[in-house]
Structure formats: C-alpha cells, structure tokens
Amino acid sequence: MNLTANWNYPTNIRVGAGRYTELADLCRLMGIKSPMIVTDPGLADMPMLGKVTSQVRVSGLNCGCFFDIQSNPTGDNVEQGVTFYHDNLHDGIVAIGGGSTLDAAKAIALMVGQQRPIWDFEDVGDNWTRVDVTGMAPVIALPTTAGTGSEVGRASVITDTDQRVKKIIFHPNMLPQQVILDPELTVDLPPALTAATGMDALSHNLEALCSPFYHPLAEGIAVEGIRLVQQYLPRAFHDGQDIEARTQMLVCSSMGATAFQKGLGGMHALAHPLGALYNAHHGTLNAILMPYVLKANISVIEQRLTRLSRYLDLGKLSAESFIQWILDLREELKIPNDLAAIGIDDADADKVAQMATEDPSAAGNPIAFNSEQYRQLFVDAVAGHL
Ligand SMILES: [Fe+2]
C-alpha cells in the first residue's frame, strides 16, 4: 500500500517517508523566513537533525536551534524559549521531537505574543479567551515519537514547578498549522521508548472511546486507532526499521490525540500527578495503569470492550479477553505490571488521589471516581493487585 498522503483533517498533514525534506518549502508557504527549531537535547547530535537544519539553511532560510527542552517541560523552560525567539528575531517555530518538545514548542509559540504569565491560560473555564491571538507564532510540527499526538492537539502539558503540578495550557490556535508525519524520523527510537509512547497512543484512543460524552466521530477514529496498535506496535517494537509499522504508529498517534477531544479518563488523571511527583515516563505510567483503570470501570464499559474484542478479532468475544489482550501486549513489550517496578510506592497515596480527582482528565472517566476510589486504584497499581 502507498503510505504517502496529504490530509487536511484535523490540520494540514503530510504523511510519508522522506517528507521532512519538504520543510523549507512549508516554511516559505507559511511566510516564515527565520524559523526557530525547537528540539530536545537528545536529538541535538542526531544525523537526522543535521540533515533537517542544513536543508533549511541551504534553501536560504535563517534558522536557529533551541535545544533546552526538559523531558517534562516547565514554565521556566517555556520562558527561556520565548527569550531565545525574541533575541534571535525568529518569525515562526519548527517543533521536532517527542511529545514534551512539541508541547513546549507550542507553548513558546503561544507565549511569544502575550503579556500575561502562562498560568493565566490554564485550561480552566474560558481562560483561553484571554489569549492575544495576533501575537502567536506559526508552528510546523514533526514528531519523532509516535505517542502523544501533540502535533494535532490544541493544548500543551507544562509543569508548574512551584506547585509541583502539571497544567494544561489551552487555546484552539495552538493546533499546529502544518504537520509532517515522517517515519524516517522515528526509526532510531529504541524499543523501550517505542513501547511506552505507543502505549500512550493506545491509552488516548481507549480513554477517548470509553469517555461518556456524545462524539461518534471521535469514537470511529479511536476504534481504528486501537486496531492499528494491535497490528503495528509489536512490529515497530521488534524491528525499529519497519517503515510501514512506523508510519502506521505515527498516524495512530495523531488519531489518538484527535479522538481525545472527546475526553480522557482515569489513566491520565493518575498519570499526570505521578509524572509531576515522580518524573516518571508518561507513556509507561499509562501502560501500567491501563488494565487497573479498565477493571475499575468495567461495570460501565463492558459492552464497549466486548465490541472492541470483536473488532480486534480476538479469540473470545468479551471484555475480559480485551483486557487479557492488553496484558499480553504489555508483556510482549516488556512493560512491567505494577508501579513499584518503576520505583513508585504508595506513601503519597492520599496526595496522588486528591490530585487525580482534580485533574481535568478525570472528567472523562466513565465513572466519576472520588478520591477514595482513586486512592484504591493507585494502591492496587503500586502493588500489582489486578
Ligand atoms: Fe497521554
């Protein structure tokens, strides 16, 4: 099958191997003469980034690289990027990296034109209407992992270090205007990160599907996104050079983030505080929490999971067989079964539970868990009591 295409939904997406070479043309198309490339330190020495920047420079554009993105980007991190943008007279942003980098880059693009502090734009009520849209920088996003789908999202997760909490910064115009999904940018991702990010994509599709709101468009996308994980995540994990699997997982990741406009749920409500408190990998957290959260919601989502078992063509058609599929997939991807295995204990269980109930993702959980229910869920996930 030819896996090259141009889409305009939910934004302009160019998908296909080698399409990162169209970056300079895209900058021109958008009127960007001096792009600021935002990327993470891990990519700074990668040949791929050198190829991208030299190609942009050869085409006559004046580009600068900002490498200082942390794995859980903070408000200070965004501020540093804003200063870099202004000091070097940039007029647009090219975000190349994993979810944290794309999130930070989108937040920088928002903040280069604002007078208020970033926390004034937290996704609460109608805070987003405070944004001065005229000052926002245009963004081109090139994901190098297949997980968060931040390239098609309208928000960024930024850590408030003072309060040790992850906040969602939202504005509809934070959706990048142009996206390149190029599997060649993901082939060097090691198996463990391929697994963790892929499971994040699965959690987005799954939580979106199970959230209680009315949104059949999102549900259609989510169901196929889950099937793509089934077919292609093990292949991408076992053979990183598998271009077809890498392409399909990038698309699956974008599908997950498109679908979760319908809402997320308990996996993310817990993964956000745990990421902020323990600096653990977001995808790994979701992967570990997944079966515990599904089981805790089973009374409400049993029919949906049974339907999924049919769509995935699992041997036995039931919610249990779907959960068993998740457990088998996790084992194949060498993801641990409990949070203790990644160094998390339950000493802070009350705090974690309270933060989970207050997390915006909690609103999309099929059952409105109270803090005692989140506490129990967390304690079970630490101990491996499924
Ligand atoms: Fe996520």
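Residue-wise test of (1) loosely packed, with under 15 Cβ neighbours inside 10 Å; (2) in contact with a Cys (Cβ under 8 Å, 6 or more places away or on another chain); (3) not in a loop (DSSP other than H, G, I, E, B).
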{"position": "Asn2", "(1), (2), (3)": "yes, no, no"}
{"position": "Asn6", "(1), (2), (3)": "yes, no, yes"}
{"position": "Arg14", "(1), (2), (3)": "no, no, yes"}
{"position": "Ala17", "(1), (2), (3)": "no, no, no"}
{"position": "Tyr20", "(1), (2), (3)": "no, no, yes"}
{"position": "Asp25", "(1), (2), (3)": "yes, no, yes"}
{"position": "Ile32", "(1), (2), (3)": "no, no, no"}
{"position": "Met36", "(1), (2), (3)": "no, yes, yes"}
{"position": "Asp45", "(1), (2), (3)": "yes, no, no"}
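Only helices (runs of 4 or more DSSP H) wholly contained in region 245-344 count here; list those with 3 or more residues that are within 16 Å of the ligand (Cβ to nearest atom).
Details: elements: 266-278, 282-296, 298-311, 319-332.
Hits in region 245-344: 266-278, 282-296.
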Problem - Residue in region 65-81 that is buried (at least 17 other Cβ atoms within 10 Å of the Cβ), on the phi > 0 side of the Ramachandran plot and part of a loop (DSSP other than H, G, I, E, B) present - result: no
Exercise for the section: Could you list all residues from region 91-109 that are within 15 Å of the ligand (Cβ to nearest atom) and among the hydrophobic types (A, V, I, L, M, F, W, C)? Expected result: Leu102
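Filter region 207-226 down to the residues that are under 23 Å from Thr11 (Cβ atoms), part of a helix (DSSP H, G or I) and either within 16 Å of the ligand (Cβ to nearest atom) or small (Gly, Ala, Ser) (or both) and list them by number. If you could, list the steps in order and put the result at the bottom.
We begin by selecting, within region 207-226, every residue under 23 Å from Thr11 (Cβ atoms); these are 207-209, 211, 213, 215-226.
Okay, now just the ones that are also part of a helix (DSSP H, G or I), so 207-209, 216-226.
Correct list: Glu207, Ala208, Leu209, Ala218, Gly220, Ile221, Ala222, Gly225, Ile226.
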Problem - Any chance Pro73 is of a type outside the set (A, V, I, L, M) and touching a His at 6+ places or on another chain (Cβ under 9 Å) - result: no
Problem - Count - residues of region 336-381 that are among the aliphatic types (A, V, I, L, M) and either at positive phi or surrounded by 20 or more Cβ atoms within 10 Å (Cβ to Cβ) (or both) - result: 9
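Do any strands (runs of 3 or more DSSP E) lying entirely in region 101-194 carry at least 1 residues that are small (Gly, Ala, Ser), and which ones are they?
Values: elements: 139-143, 155-160, 165-170, 178-181.
Of the strands (runs of 3 or more DSSP E) lying wholly inside region 101-194, those with at least 1 residues that are small (Gly, Ala, Ser) span 139-143, 155-160.
For every residue, the table says whether it meets (1) under 28 Å from Thr159 (Cβ atoms); (2) touching a residue at least 12 places away in the same chain (Cβ under 8 Å); (3) out of contact with any Asp or Glu (no Cβ under 8 Å at 6 or more places or on another chain).
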site	(1), (2), (3)
Gly18	no, yes, no
Met36	yes, yes, yes
Val56	no, yes, yes
Ile69	yes, yes, no
Asp87	yes, no, yes
Ala109	yes, yes, yes
Practice task
Would you check if there is a residue in region 227-240 being more than 16 Å from the ligand (Cβ to nearest atom), farther than 24 Å from Trp325 by Cβ and part of a helix (DSSP H, G or I)?
Solution key: no
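Would it be correct to say that Leu202 is within 14 Å of the ligand (Cβ to nearest atom) and either in contact with a His (Cβ under 7 Å, 6 or more places away or on another chain) or at pLDDT 95 or above (or both)? Working first, answer last.
Values: within 14 Å of the ligand (Cβ to nearest atom): yes; either in contact with a His (Cβ under 7 Å, 6 or more places away or on another chain) or at pLDDT 95 or above (or both): yes.
Judged against the criteria, Leu202 is a match.
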Handout entry: Residues (in contact with a helix residue (DSSP H, G or I) (Cβ under 6 Å, 6 or more places away or on another chain) and small (Gly, Ala, Ser)) located in region 281-307
Key = Gly283, Ala287, Ala296
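The values are calculated or read from the model by the stated rules, or taken from the named source; none is laboratory data. Not measured: the values here are computed from a predicted model. Here Cβ is always computed from backbone atoms with ideal geometry, including for glycine, and neighbour counts include all displayed protein chains.
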